[in-house]
Each structure stands twice: as C-alpha cells, then as structure tokens.
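Laboratory data are not the source of any read-out in this text; all were calculated from the coordinates shown. From a predicted model like this one, the values you see are computed outputs, not experimental measurements. Quick reminder, even Gly has a Cβ in these numbers, built from the backbone with ideal geometry, and neighbours come from all protein chains shown.
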Amino acid sequence: MRQTVTFARPDFSALRERGLMPVDMHTHTNHSDAPTRVRDALRKAEDHGFGLAITDHNGIGGVLEARRLGTETTVVPGIEVSAWDGPHILVYFYDTHDLEDFYRSHIRDARSKSPYLATRLTTPEVLERAAGYPCVVSAAHPYGYLLFNKGVQKCIDREYLEPTILSEFDAVEALCGGMGRGQNEKAARLAEKEGIGVTGGTDGHLLSDLGTVVTCADAADVGSFLDAVARRETTVVGLEKNALEKCAMAAGVVPQYLPYLGPSLAVHWHQNLPRLLRIPERLRAGLKHP
C-alpha cells in the first residue's frame, strides 16, 4: 500500500522545495457557517504559502468574493453539497464559471430552510448533476460526524446507500481535520481499497484552522492540481484538531445555525429516522440470538 497520508504538521517550505503544491481542500467562510472572512483566509494562505479550496456549505459566495478580491494564492473553486440523505460531497471545479452554473442550475433552489445544513437533493442526485461538469468529486469525512449521517461510507455501512455509489466519486477525503485519527485511518484505507484518489483538508471554520491539513501534488495551477487528484497522484499531510480546538470551532459555528434552529432540527430528525426505525428490529434480533 502506498503511503498517501502523513500525520504531521505541514512544512510548507519543505513541500514547495520538493516541487509540491500544498492546498487545504476543505475550508469554510462567513458566506456559510463560519466566522472567517475571505480576505483574512487569503492573507493567511499567502503569508504561509499554501492554497485554499473554498468549499462553503451549499453556497459559492466565498469563492466569488475571492475572485473579486484578487490574490496570488491558489484558490480552487469548490462547494460542499449537503445531501438530503446525509452525506457531504465536495465538488471541485476547474473554472469558476462552471461552479456558478452548477450552483444556479442545481443547488440554489434545492437548499432547505436550513440552507447550510442540507439541500433537498439525495446523494445519487448530487452526483448525477455534478457528472455534467468538468469537476472532481470527493467524499467528505466518509465516516463522520458523530451520530450523524454526514459521511457516505457511514451511510453505506448502515445500508442507507448502495456500496456501488463509491464508484461515482473521484476521491475520498482521507484526512479531515475535524475527524479523529481512527476515522481518518479508515478513510485512507477506504480510498486504497476502492482505488480512488485522496484529498485532505481542515474542514476549517476558524482562521486558526486553515492550513493544518493540506493535499499535495506536483502541479502548477488549479487544473493540473485537480488532474492529479483524479489520477491518484496526491498525498495528504496534516493533523486533526485537538479537543479544545474542536470546542472552539463549535463555539464559532453554532451561532450561525440559531436563526434556522427549527428547520435544522427537522433535517436531523429526517436524516436519523431510518436508524431510529431499525431499533425495534435490532432489539427483536437480540432477543432471538442472546
């Protein structure tokens, strides 16, 4: 098995000396559920020498602001689509205009009343719509988060999705800064088993998060970088957030959902209902086979 993930703090100078472009492939801004300003994110990335994929939840305002501001930082146009059945799907575009068309044609009007939490598109529907564009699709945090169905492999394991759905992804997020080490190790093994590429990112909502996990490729621009992801030529370097950092992130994110508290609870209920309905069945099975 080739080593695709290294659990260590990224050394950006050393990575660039090796001819690699480091990019944090999973970041959020104040255009969705994070307090981080785009201007500040770009400044940090430029100062430290890494690129950013801005992947706001079901929105593209952060990417468009980055384009308006102009920057020498590599910015991968992206979006994290939250499917109605639970999984989060990272879609990266070669061109911002294609991202705009994808969003306006398929995502904008499909957002739920809790716009950052879910769209009304199922996982197969998101993948079907993305297939019509030049893009690269990665399964975000495939085993997370917590009890929620926010990862595609978690939904496969619970038999909510068919295992064959993974063949429609170009990559798996093999290191997510918001996950635990065990979940990330499983994600890396999943990518190897399925023979698909790897991405890694912080899932950063706070400015301090950004750049602590990066995807690396021998690339000169966004196009060659995404090609490397699709060809399985990337590696990932980074470390997960510790407990204190996760608490700080939660404190920054929760207020963004308070205006949508009722709809958010309804989404969580809908996504967890299949698991709840199976509890009596499992109890009966346990009584039959003590």
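Before moving on, here are some points about what is shown:
- Across region 184-190, computed HN-Hα scalar couplings (Karplus, 6.51 cos²θ - 1.76 cosθ + 1.60, θ = phi - 60°) run 5, 4, 5, 5, 5, 5, 4 Hz from first to last residue, x flagging Gly and Pro.
- Note on region 5-288: antiparallel DSSP beta bridges, both residues inside, total approximately 50 percent of the bridges counted.
- Sorted peptide list for 171-178, 76-83, criterion being average Cβ within 10 angstrom, highest first: 171-178, 76-83
- The chain: C-alpha gyration tensor shape, a/c 1.5 cut-off, then a/b vs b/c: prolate
- Shape category assigned to region 26-171 from the gyration tensor of Cα positions, a/c cut at 1.5: prolate
- Global geometry of region 1-95, whether rounded, prolate or oblate, following the gyration tensor of its Cα atoms and the 1.5 cut on a/c: oblate
- Across region 5-288, the relative contact order, built from alpha-carbon pairs under 8 Å that are at least six residues apart, equals 22 percent.
- Counted charge near R18, where neighbours are those whose Cβ lies closer than 15 Å (Asp, Glu -1; Lys, Arg +1): -3
- Taking a sphere under 15 Å around the Cβ of G204 and counting the other residues whose Cβ falls inside, with K and R at +1 and D and E at -1, yields a net charge of -4.
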